[in-house]
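Accompanying notes for the structure given below.
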Amino acid sequence: MNLKNLKNEVLVQNTKNLIKEENRILANVLAHFQEIETRKLYLELGYGSLFLFAVKELGYKEASAQRRIEAMRFLKKTPEARPMVEKGELNLSNLSLLERVSREAQATHAQSVAALNLIQEEQTSVAEVENKLRGYFKLESKKRVVKIEMDEETYQLWLATKAKLGEAKDASAIKKLCESQVERPQKKVRQAATTRTAGVVLRRELLKQAGHQCQYVGQNGRRCENRHFLQADHKVPYFLGGKTVPQNMRVLCQQHNVHAYQKLKEEKIF
Ligand SMILES: [Zn+2]
């Protein structure tokens, strides 16, 4: 299969067709999981659980096996979700999330269906969907576990910081510290237009204007939704005489920054 000669539109259309197929296959795989579980076939084949069967016999990685089993369990109690999976309106992560949250909330069938409609409306990140579901089921918001490795010197510094903040618990000390940083009054620093890098103040202003979202707009008019690793980019590159002033600056995600640079290169701007 040589894709190199395909036209752009054909390449995109083919990919869309394949994804449709992929969604149907996913729904089908989950139906097979369900039947295997009903028959307790994994026991017959010498596995202690469906999970072990999925990992050792089917060759799934542990996390993938777990997600599929959770997804299958949710579909089993909520068959209404199956057509949504086939149509690609409900993905594996959201399905397994629905299973975990509805199980934790001991949701009724009607509640599970309602939750299903709740997350169907918009395509958001898994974390947002989880918050929405936990809100719906009135579950406590999820606690994040953050593991930080630090050297002895930093650790001692941290202990001293906590003592100074008067907080014994790490979480409350971090909160106090972060609040003090975020609410810190902003010093006005003038940005020199002749320096290449946008200073803290200009960067903050640009990010605010951009709504903390990449400002790249594609040929189809679609704006990139990336909100991480945003960079201040010169519209007219600095090395071509572009100034570091708001009018010549925009916020791009790392990928689009590189992409914009490559495009200039392709167009032989420099
Ligand atoms: Zn972007």
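The values are calculated or read from the model by the stated rules, or taken from the named source; none is laboratory data. In this text the structure is predicted, and so the values were computed from the model without any measurement. Ideal geometry is used to build each Cβ from the backbone, glycine not excepted, and the neighbour counts take in all protein chains shown.
So that you can scan it fast, the table gives a plain yes or no per residue for (1) under 25 Å from VAL129 (Cα atoms); (2) surrounded by 14 or more Cβ atoms within 10 Å (Cβ to Cβ); (3) charged (D, E, K, R):
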| position | (1), (2), (3) |
| --- | --- |
| LEU11 | no, no, no |
| LYS20 | yes, no, yes |
| LEU43 | no, no, no |
| LEU58 | no, yes, no |
| MET72 | yes, yes, no |
| LEU75 | yes, yes, no |
| THR78 | yes, yes, no |
| ALA81 | yes, yes, no |
| GLY88 | yes, yes, no |
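Taken over segment 1-21, residues that are free of Cβ contacts under 8 Å to residues at least 12 places away in the same chain and in a helix (DSSP H, G or I) amount to 12. Just one of the listed residues (GLN215, GLN231, GLN209, GLN255) is outside the structural domain of SER125 (by TED's automatic domain parsing), in contact with a Lys or Arg (Cβ under 7 Å, 6 or more places away or on another chain), modelled with pLDDT of 85 or more and polar (S, T, N, Q), and it is GLN215.
Residue by residue, here is whether (1) in a loop (DSSP other than H, G, I, E, B); (2) surrounded by 11 or more Cβ atoms within 10 Å (Cβ to Cβ); (3) on the phi < 0 side of the Ramachandran plot; (4) under 29 Å from the mean Cα position of the chain (by Cα) holds:
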| site | (1), (2), (3), (4) |
| --- | --- |
| GLU130 | no, yes, yes, yes |
| ARG134 | no, yes, yes, yes |
| GLU140 | yes, no, yes, yes |
| VAL146 | yes, no, yes, yes |
| MET150 | yes, no, yes, yes |
| GLU153 | no, no, yes, no |
| TRP158 | no, yes, yes, no |
| ALA163 | no, yes, yes, no |
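Within segment 34-50, is even one residue assigned by TED's automatic domain parsing to the domain that holds SER96, within 27 Å of the chain's Cα centre (by Cα), within 27 Å of MET84 (Cα to Cα) and not charged (D, E, K, R)? No, the conditions are met nowhere in segment 34-50. Go through the residues of segment 83-98 one by one and say whether even a single one is touching a Phe, Trp or Tyr at 6+ places or on another chain (Cβ under 8 Å), hydroxyl-bearing (Ser, Thr, Tyr) and closer than 21 Å to SER125 by Cα. Yes, segment 83-98 has at least one match. Scanning segment 102-110 turns up one or more residues that are in a helix (DSSP H, G or I), of a type in the set (Asp, Glu) and more than 22 Å from the chain's Cα centre (by Cα).
Per-residue answers, yes or no, for (1) assigned by TED's automatic domain parsing to the domain that holds LEU92; (2) farther than 18 Å from ALA105 by Cα; (3) at pLDDT below 85:
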position: VAL129; (1), (2), (3): yes, no, yes
position: GLN156; (1), (2), (3): no, yes, no
position: ALA160; (1), (2), (3): no, yes, no
position: GLU167; (1), (2), (3): no, yes, yes
position: LEU177; (1), (2), (3): no, yes, no
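Determine the pairs where a residue that is in the same structural domain as MET84 (by TED's automatic domain parsing) and modelled with pLDDT of 80 or more, located within segment 111-124, has a partner that is exposed (fewer than 15 other Cβ atoms within 10 Å of the Cβ) and of a type in the set (Asp, Glu) with Cβ atoms under 9 Å apart, the partner being 6 or more residues away or on another chain. Sorted first by the residue in segment 111-124, then by its partner, the pairs are SER112/GLU80; VAL113/GLU80; LEU116/GLU80. In segment 167-270, counting only helices (runs of 4 or more DSSP H) that sit wholly within it, the ones holding 2 or more residues that are within 16 Å of the ligand (Cβ to nearest atom) span 200-209, 254-266.
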